[in-house]
Amino acid sequence: MNISSKWESPSNIALVKYWGKMGIQLPANPSISFTLNEAKTITKVSLEEKTTKDDFEILVKYDSKEIPEFEGKIIQFLNRTAHLFTFTKQFKIVINTVNTFPHSSGIASSASGMSALALCLCSIEEHVEGNKTLDFYRKASVAARLGSGSACRSLYGGLVSWGAHKDYVGSSDEFATQLSEKEVFSGFYGFKDMILLVDEGKKLVSSTLGHSLLNNHPFASARYEEAGKNMSLMKKALKEGDLGLFTHIVESEAMMLHALMMTSNPYFVLMRPNTLAIIEKVWDFRKQTGLRPVVTLDAGANVHVLFPQEEQDAIFQFAGEHLLQYCQENKYICSSIGNGPKQL
Ligand code: PMV
């Protein structure tokens, strides 16, 4: 048997954050992200004859080395997506994956990893069934979501929203949709994301725990309302190229995400002193120069600095002189906004 599929799929950075979920991997509020270009996962899935009677038989490798510790998460994913893929119980599934960004860099690999895996399974499903899937990327987005919520946004390039919202036509809680070029001021497609690696360690709070903290959170309903409003404002900022409004929403979303963590039960502080030092330096620089770097954070200590392409030289120089000293071993990743996944 020689059935396999190989895809590369990117990571993404949320501008309005998904934080809190309901049901099976449905978002408690809508979100929107930039798809990145430089932080990708490359995954190959091959089918082999099954040797056991278990529901699923899998072999998971990272860069050709076996990693049994990932198997639990993959089995959970295969269980959740069994209704989408007819073949996953019939064959042994061999998964070989590798990231283009440093392992354990503190960059979430679940978005790129789960979207790459979903794409491989969708391609194999087409092959095994012998017919084309009507909406291939939508199906891959539904499947990726069942692995990791934010992964469903990695299926498309540019700006991608996920979660039903009245201002986003065709939006759904089940899958992500891409904003059309008509809805986005062209300058945003040239944006860069400089990811400053403040803390390369394992995540202090897993996504699963983080989302669940919203279930009994005193500010949860206010948060969901704010996220909805921010989605409306973001739509306007993107369409009109309003960088002031864009900056305000992106930064306030990052602060709100961390404020939610600080006020949950149990509470967590995910920023490190160096995270704050970088944020303050960026804000000072913006005030002094009138240039427009924008700060955002994931659920961790690393800082993402988003900026327009034309400011690249000035911001690289500033980062080299004033920001990299706060990173572990001066490490950073600079990414452009990407076009989405690619079949290899
Ligand atoms: O996809 P998850 O379950 O790892 O959650 C991602 C959550 C954030 O990165 C903090 C926000 C987002 O929308 O990507």
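The values are calculated or read from the model by the stated rules, or taken from the named source; none is laboratory data. Everything quoted here is computed from the prediction, not taken from an experiment. Neighbour counts run over all protein chains shown; Cβ positions are idealised from the backbone, glycine included. Just so you know, the surface numbers come from the protein's heavy atoms only, side chains and all, with ligands and any DNA or RNA stripped out. Shrake-Rupley method; radii C 1.70, N 1.55, O 1.52, S 1.80 Å.
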* Could you identify the single residue in L291, L257, L213 that is at negative phi, touching a strand residue (DSSP E or B) at 6+ places or on another chain (Cβ under 8 Å) and surrounded by 19 or more Cβ atoms within 10 Å (Cβ to Cβ)? => L257
* Subset tally (residues that are assigned to a helix (DSSP H, G or I), among the polar types (S, T, N, Q) and within 16 Å of the ligand (Cβ to nearest atom)) for region 113-151 -> 3
* Is it fair to say S221 is surrounded by 19 or more Cβ atoms within 10 Å (Cβ to Cβ), hydroxyl-bearing (S, T, Y) and without any contact (Cβ under 8 Å) to a residue 24 or more places away in the chain? -> no
* Structure fact -> Residue count, region 138-153, condition under 24 Å from F191 (Cβ atoms), in contact with a Phe, Trp or Tyr (Cβ under 7 Å, 6 or more places away or on another chain) and either touching a residue at least 40 places away in the same chain (Cβ under 8 Å) or open to solvent by 10 Å² or more (accessible area, probe 1.4 Å) (or both), comes to 3
* Asked: Restricting the search to region 260-278, which residues are part of a helix (DSSP H, G or I) and surrounded by 19 or more Cβ atoms within 10 Å (Cβ to Cβ)?
  -> L260, M261, N274, T275, I278
* Asked: Given the structure, is Y332 free of Cβ contacts under 8 Å to residues at least 12 places away in the same chain, open to solvent by 10 Å² or more (accessible area, probe 1.4 Å) and among the aromatic types (F, W, Y)?
  -> no
* To do: Pick out the one residue from T35, T43 that is under 30 Å from S171 (Cα atoms), open to solvent by less than 40 Å² (accessible area, probe 1.4 Å) and more than 16 Å from the ligand (Cβ to nearest atom).
  => T43
* Asked: Just for region 16-32: of the residues that are within 9 Å of the ligand (Cβ to nearest atom) and outside any loop (DSSP other than H, G, I, E, B), which one is nearest to A220 (Cα to Cα)?
  -> K21
* Asked: For region 154-164, what are the residues that are in a helix (DSSP H, G or I) and either more than 13 Å from the ligand (Cβ to nearest atom) or open to solvent by 10 Å² or more (accessible area, probe 1.4 Å) (or both)?
  -> L155
* Asked: If you go through region 321-330 one residue at a time, do you hit one that is aliphatic (A, V, I, L, M), in a helix (DSSP H, G or I) and touching a Pro at 6+ places or on another chain (Cβ under 6 Å)?
  -> no
* To do: For K235, state whether it is touching a helix residue (DSSP H, G or I) at 6+ places or on another chain (Cβ under 8 Å) and more than 16 Å from the ligand (Cβ to nearest atom).
  => yes
* Structure fact -> For K53, the lone unmet condition from (1) more than 14 Å from the ligand (Cβ to nearest atom); (2) open to solvent by less than 10 Å² (accessible area, probe 1.4 Å); (3) assigned to a loop (DSSP other than H, G, I, E, B) is (2)
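Filtering region 198-231 down to residues that are assigned to a helix (DSSP H, G or I) and of a type in the set (A, V, I, L, M), which residue is farthest from the ligand (Cβ to nearest atom)?
We begin by selecting, within region 198-231, every residue assigned to a helix (DSSP H, G or I); these are 207-212, 220-231.
Subsequent filtering for residues that are of a type in the set (A, V, I, L, M) retains 209, 220, 222, 227, 231.
On the way: L209: 10, A220: 15, A222: 18, A227: 10, M231: 12 Å.
Selected residue: A222.
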